[in-house]
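Accompanying notes for the structure given below.
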Amino acid sequence: MPLPPPKKSLGQNFLTNPSIVKKIVQTAGVTKDDEVLEIGPGRGILTEELATSAKKITAIEIDSLLAQLLKEKFSNTNVEIINTDALKFFPTQENYKIVANIPYYITSPLIAHFLTLKNPPSSMTLMVQKEVAQKICARTPSNPKEKHSILSLQVQLYAKPKIAFNVNKGAFTPMPKVDSSVIHLEPTAKHPKNPEEILSLAKKAFSQKRKKLSNTLREILPKLKELNFQDLRPEHLQIEDWEKLTQ
């Protein structure tokens, strides 16, 4: 069966560079003891490398035609192909790693979905848009100069992210308009007890991010003054600061 053309509606840009594939698997630290969840396997280039490195691969592919092709390709191997939407998938295993070249349009909801599960992955190694990677890793050692945003807070409330390496757009077919980065997320064992409350407050402040907190969060002005945050903008606050504001 011939390979179907990429579907723009599903954000399909297939990775074609074998050296990048090997580097992704190395970054994820995959071993023969690991169960790996791959999201958006596409034509299976990353799946092939994972299959030789891990104990078992569960690959989630939303495209039914690609899923069928992958089932044929990986029959009688340690790879299981599931034709479903990754945002509606709930892993049953307790210990697993996510390694994926994900469709970029679902980056934020996908990370949030898996980090907030009762059984989150032990790590996530993802290919994402370079600009998004920089935002996710704001104020971390791999991108210390980037200002915080709602996206960086959403991720860093649950995990420690880092930019592992950048990938030129020429490593894909069809070639996207932007370069990419591989990020590695390590979920934190201990995170704030009230992440939803923190995000709710932060979203209100970031809705008018150029304004000082004393203007956007007037209902907690006494608390802002107590912490000397009243003249700051939301991008200047760290996770610990938002925690203090919601205590």
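The values are calculated or read from the model by the stated rules, or taken from the named source; none is laboratory data. Please read all numbers here as calculations on a predicted model, not as lab measurements. Neighbour counts run over all protein chains shown; Cβ positions are idealised from the backbone, glycine included.
For the reader, a short list of remarks on this structure follows.
- Taken over region 207-244, the residue count meeting the criterion of being part of a loop (DSSP other than H, G, I, E, B) and surrounded by fewer than 16 Cβ atoms within 10 Å (Cβ to Cβ) is 8.
- The residues of region 188-247 that are basic (Lys, Arg) and under 15 Å from His148 (Cα atoms), listed by number, are Lys203, Lys204, Lys209, Arg210, Lys211, Lys212, Arg233.
- Of the numbered criteria (1) crowded, with 18+ Cβ neighbours inside 10 Å; (2) without any contact (Cβ under 8 Å) to a residue 12 or more places away in the chain; (3) basic (Lys, Arg), the one Lys190 fails is (1).
- Elements of type strands (runs of 3 or more DSSP E) in region 72-172, at least 1 residues being at pLDDT 95 or above, surrounded by 17 or more Cβ atoms within 10 Å (Cβ to Cβ) and touching a Lys or Arg at 6+ places or on another chain (Cβ under 9 Å): 79-82, 123-129, 159-167
- Any chance Asn228 is polar (S, T, N, Q) and in contact with a strand residue (DSSP E or B) (Cβ under 6 Å, 6 or more places away or on another chain): no
- Looking only at residues in region 173-185 that are at pLDDT below 90 and among the β-branched types (Val, Ile, Thr), the one that is surrounded by the fewest Cβ atoms within 10 Å (Cβ to Cβ) is Val178.
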